[in-house]
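The values are calculated or read from the model by the stated rules, or taken from the named source; none is laboratory data. Owing to the predicted nature of the structure, the values given are computational and were not obtained by experimental measurement. With ideal geometry, Cβ positions are generated from the backbone for all residues, glycine too; neighbour counts draw on all protein chains shown.
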Amino acid sequence: MTLCKKIAVIGTDTDVGKTVLSLLIMQSLTGKGKTPFYIKPFQTGCLSPSDPRGDASFVYGHTPGLEQRDPARSVLNCHENPKAPWFAARDMGETIDIATTLARIREQEVHYSHLVIEAAGGLLVPVTGEITMADFIKECQAQPVIAARAGLGTINHTLMTVECLKARGMRPAGIIFMDAHKADGDLIQENMAAVARFSGVPVAGVVGRIMDFKAPGPDGLEAVARLLKPFL
């Protein structure tokens, strides 16, 4: 039996494009006949796990063939305030149970070809008072891919993200630049060259601004296809 492959979608910052990259990964895998399952272990700014404005609803609503999948199955911890998970849970008088969260992820491994696990915020965001997002991803035993902002400042943020992963014994499979705000093309090329040179991690390409998330266009999907080669 083919083992389930776990992909952790990591961002260099908050609001960098992790959910859009997760969507493109789901679209690419389903387009290749795979059976992926999207997981958002920690959703803050979350009114309910089935919130139609939530990340899981967005991903499934724009992935052909998966529009009817229940998003609540994918949101494992839902907390109302848009903060780091530790504080969002604390505001509700709750403590996130890491063991239960990991067990719920493992339950899906026998049913799907791939798990696409989207992190919350950056790697050093606290999930509880004891562990960060980076620690949690390591516990998941998922291989990271990095969504990086395309514009100014991304070299520093991306290289630090890679260093953080390597310090915990994890090596990212690849990096992709998310260019929702149309950064200068020469700047993007310089950023990609610098990050590839100093990190030693493959840079798969750029995902530009997407006007129709159900039909994102070939350029971004080609970059995502390169990113996914280690997982096929």
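Residue count for region 17-40, restricted to those that are part of a strand (DSSP E or B) and not charged (D, E, K, R): 4.
What about ARG69, is it among the basic types (Lys, Arg), surrounded by 15 or more Cβ atoms within 10 Å (Cβ to Cβ) and not in a loop (DSSP other than H, G, I, E, B)? Answer is no for this residue. Considering region 161-173, and only residues there that are part of a helix (DSSP H, G or I) and without any contact (Cβ under 8 Å) to a residue 40 or more places away in the chain, the residue that is farthest from ALA193 (Cα to Cα) turns out to be ALA167. Considering region 128-153 alone, what residues qualify as being farther than 18 Å from LYS6 by Cα and at pLDDT 95 or above? Of everything in region 128-153, those that are farther than 18 Å from LYS6 by Cα and at pLDDT 95 or above turn out to be THR128, GLY129, GLU130, ILE131, THR132, ALA148.
Against the numbered list (1) under 17 Å from the mean Cα position of the chain (by Cα); (2) on the phi < 0 side of the Ramachandran plot; (3) not hydroxyl-bearing (Ser, Thr, Tyr), GLY205 comes up short only at (2). Being hydroxyl-bearing (Ser, Thr, Tyr), buried (at least 16 other Cβ atoms within 10 Å of the Cβ) and closer than 17 Å to LEU227 by Cα is a property that does not hold for THR63. Can you confirm whether ARG197 is surrounded by fewer than 22 Cβ atoms within 10 Å (Cβ to Cβ), in contact with a His (Cβ under 8 Å, 6 or more places away or on another chain), free of Cβ contacts under 8 Å to residues at least 60 places away in the same chain and not aliphatic (A, V, I, L, M)? No, not satisfied. Please go through region 1-31 and pick out each residue that is modelled with pLDDT of 95 or more, among the charged types (D, E, K, R) and surrounded by fewer than 24 Cβ atoms within 10 Å (Cβ to Cβ). Residues satisfying the conditions are LYS5, LYS6.
Is one or more of the residues making up region 56-66 over 30 Å from LEU152 (Cβ atoms), touching a Phe, Trp or Tyr at 6+ places or on another chain (Cβ under 7 Å), of a type in the set (A, V, I, L, M) and outside any loop (DSSP other than H, G, I, E, B)? Yes: region 56-66 contains one or more residues that are over 30 Å from LEU152 (Cβ atoms), touching a Phe, Trp or Tyr at 6+ places or on another chain (Cβ under 7 Å), of a type in the set (A, V, I, L, M) and outside any loop (DSSP other than H, G, I, E, B). Among the residues of region 184-232, the ones that are touching a helix residue (DSSP H, G or I) at 6+ places or on another chain (Cβ under 9 Å), in a loop (DSSP other than H, G, I, E, B) and among the aliphatic types (A, V, I, L, M) come to 3 in all. Scanning region 93-152 for residues that are in a helix (DSSP H, G or I), in contact (Cβ under 8 Å) with a residue 60 or more places away in the chain and either surrounded by fewer than 15 Cβ atoms within 10 Å (Cβ to Cβ) or of a type outside the set (A, V, I, L, M, F, W, C) (or both) gives THR101, GLN108. Among the residues making up region 206-222, those that are surrounded by fewer than 22 Cβ atoms within 10 Å (Cβ to Cβ) and under 16 Å from LYS18 (Cα atoms) are VAL206, GLY208, ARG209, ILE210, PHE213, PRO216, LEU221.
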